[in-house]
Amino acid sequence: MSDSEDYDDDVAAVGEDEQEEVVEKDQDDKMNTQQDEAQEDAALLEEEEEEVESQDTAMEENKQSKSKKKPNLSNITAKIDVLDGPDASVATFIFHNESHTMGNSVRHMLMKNKKVSFCGYTVPHPLEAKMQLRLQCNDGYNAHDTLIESLGDLMHVTEHIMNTFNTRIQEFEE
């Protein structure tokens, strides 16, 4: 055997060893990457579960507070005129000193109610401080009672938003 053949065999042997090392290193890198991704996925899943859990808790608290107490509407100071329709299921409510903010909020809450077949509001003129709300309920439901129920639901939603906001502020300050 010549020296060049020995050299070629040595190079081939070294090349095979290096290739095995490179393959092993690639496999280790892939394994580490997969483990990192799995840990990140687990962390994200944990965060999502915690968020869902907190939302479920908030919804349960909201349901409990609704079932425990009827809305206290005695502190509502809005002046409301009522124009009754042909029967008790239809009415137009005129809210004085209110705007689109109240109109859209009340309309949204009413439209979520299965008793309501139609609800719309209008602010007749921007310089006139009144909002008109037209409410039509399905047969057998009273428009006045449905409006009071939806105003109570709106109060619960705003209370929940305020409580959540205040809790987050306190957490931020700590």
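Laboratory data are not the source of any read-out in this text; all were calculated from the coordinates shown. Predicted model, so just to flag it, every value in this text is computed and none were measured. Neighbour counts are summed over all protein chains in view; Cβ atoms, including those assigned to glycine, are modelled from backbone coordinates with ideal geometry.
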Under the 7 Å Cα-to-Cβ spin-label approximation, residue 112 and residue 90 lie apart by a distance in nanometres of 2.8 nm
How high is the FRET efficiency between residue 171 and residue 129 when r is their beta carbon distance and R₀ equals 35 Å, given to the nearest 0.05? 0.35
Stretch residue 33-residue 50 to full length: gain in nm at 0.36 nm per residue minus the Cα-Cα span? 3.6 nm
Where a ≥ b ≥ c are root eigenvalues of the Cα gyration tensor, a/c under 1.5 meaning rounded, otherwise prolate if a/b exceeds b/c and oblate otherwise, segment 80-173 counts as oblate
